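Below is one structure, written out as structure tokens; the observations come after it.
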Amino acid sequence: MKVAAPALPPRTDVVERRLALLGFTKPERQQLEAALRPADGRAVRYKLVADPARAELALADADDAEAQATVRRLGLLALHVGSGQGGGTMPLLLRPIDATQVLRALEPLAQRGPAPSPQVQRVLDELARVSGLPPQPRARVLVAAQDHVATPLLMAPLQRAGCELRRARSSTEAVERAR
């Protein structure tokens, strides 16, 4: 005799974010789309959007110049995935794509939500000025880490606190960037 498991009540704390996939090969896109389908038990659900201008965040191919230009042009909060050949602070995750790592790294970004647009930030700064309150200074933090999975988890609380973040992949790069 089979006994059915009791039904769990639906989660009420689930965050839904509009996500754009930028770049990637067709097989990579299919793998990512499958991993991003809504699933019970997740704290974040992603709705894939074709128009990046409607997205709240992006998953971007760090090796695709057009994808990177779109992220910069729209000021999207993005998780970057690539070969690691480009240098600099990207990508956060290296190929081959591991869907579990992607979901784990995306969650803190999705929980934080999109940053205010430059226009909204100007309004907030003006309101602070008019009210006589000093604008909140943004702490500048340099994060030096080689772990591509843990780094977004380390950076997420700092971003939520309003810090301006810079990333270095080595101690040598950290010293250079700190200068």
Completion exercise
Residues whose modelled amide H sits under 5 Å from the amide H of LEU48, counting only those 5 or more places away in sequence or on another chain, are LEU19
Fill in the blank from the handout: Under 5 Å from the placed amide H of ASP98, counting only residues 5+ away or on other chains, we find none
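At a 10 angstrom cut-off on C-beta neighbours, averaged per residue, how do the peptides 164-171, 32-39 rank from highest to lowest?
In descending order of packing, they fall as 164-171, 32-39.
Readers should treat all values here as calculations from the given coordinates under stated rules, not as data from a laboratory. No experiment lies behind these values; they were computed from the predicted model shown. As a convention, Cβ positions derive from the backbone with ideal geometry for all residues, glycine included, and neighbour counts pool all protein chains shown.
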